[in-house]
Amino acid sequence: MAESRHVRVCPLCSGPLERVHRHLPDRLLGVFRSVHRYRCTRPDCEWEGIVSKSAPARREDAARPGWGWRALWFFAGCAFALAAVQGARMYSAHKAQVQARAAAAAKLASLPAIEVPEGESHDGETLAQDDPLAVGNETPLRLARNCAWGIPGRNPYQGTVGQALTAARLPESAVRKFESLVANGQVSDQLVISRDGITTVSGRRRFDAKSFDMAFGKTLCFDTRVNFRGNHTETADLYEATDADGRPYAIMVPIVCGNVAVLGERAERNGNGRTTNGSAPEPATVALVALGFGLALAFARTHSRE
């Protein structure tokens, strides 16, 4: 490679410099910036050090940016894109959570009040055949609404996981996954159930104890609430899965009775009774966005220097 037309002089004595082989640290630094090592030719000086490549006098003589610079800008672009997408995911989740809480509060306010003593159970009101949640139900389960679960183990579930989740209007793709998870005992976490809430044993996640869908006996009841006496608690297995569109769902199976309940966390029900939450990019989408942005930024930076 031809030397630059600029004359390089010693920073100590202003004598002429000659180019020498770079050391390993110089090569590592060269990944991020273009440097060369020089030595002063005057015997009374013998200065040696690295010098950044000077800008040529004419643009057409400018060296094209090396792959070190391209890699640096590529990874910087990836990091920026990932941060932006993660920020969008967090905002989407927060927005969905706020909307879900508002929807849950409105739904609870619209439900007819039932007077059930603490610690007692209520099997709810049977849904009319023309109710949107009952139309098309092909399971043998009775569909009801507004139940109170106060006596654990009083009426253990007698159907299958698939029947309960199908009656609860979960997508078939999610139902099949949950059937496999429960059959194979692939538990995601353990839950503690109380009147105040349904939480994981770690306390990091919390589900609504005042409005969830539970299958017991031969019934699937929408908008069930926990009505245990005092500080009574029960434990349950938590299972989690996504449907074909990537929407997440969570169900619990209490140890005491084997009931199947569809839980709500940062979720709300749409007109068909299905549980949804804020849309967020899938991991593959995040990776593609980051890769594309990184490549665009890297080559945009490259062409701007050529």
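The values are calculated or read from the model by the stated rules, or taken from the named source; none is laboratory data. If you're wondering where the values come from, they're calculated on a predicted model, not measured in any experiment. Here Cβ is always computed from backbone atoms with ideal geometry, including for glycine, and neighbour counts include all displayed protein chains. The accessibility values were calculated without ligands, DNA or RNA, using every heavy atom of the protein model including side chains. Shrake-Rupley method; radii C 1.70, N 1.55, O 1.52, S 1.80 Å.
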Length gained if Asn184 through Val201 is fully extended, taking 0.36 nm per residue and subtracting the Cα-Cα distance, is 4.0 nm
Taking 20-28, 131-139 and ranking on average Cβ neighbours within 10 Å, highest first, one gets 131-139, 20-28
Given a Förster distance of 35 Å, the FRET efficiency implied by the Cβ-Cβ spacing of Asp130 and Arg154, rounded to the nearest 0.05, works out to 0.70
Between the modelled labels at Ala244 and His23 (7 Å from Cα along Cα→Cβ) the distance in nm is 6.4
Descending packing, highest mean Cβ count within 10 Å first, for 193-199, 220-226 is 220-226, 193-199
Everything considered on the Cα gyration tensor (a ≥ b ≥ c; rounded for a/c under 1.5, else prolate if a/b is larger than b/c, else oblate), the stretch 121-226 must be described as oblate
Percent of all Cα-Cα pairs per 5 Å bin for the stretch 188-237, counting from 0 up to the last occupied bin, reads 5, 20, 26, 27, 16, 4, 1
Residues other than Gln186 with Cβ under 13 Å of its Cβ, Lys/Arg counted +1 and Asp/Glu -1, net out at -3
Simple spin-label estimate for Asn231/Ser173, 7 Å along Cα→Cβ, in nm, reads 4.5
Once Asp213, Asp237 are ranked on solvent-accessible area with the largest value leading and a 1.4 Å probe, the list reads Asp237, Asp213
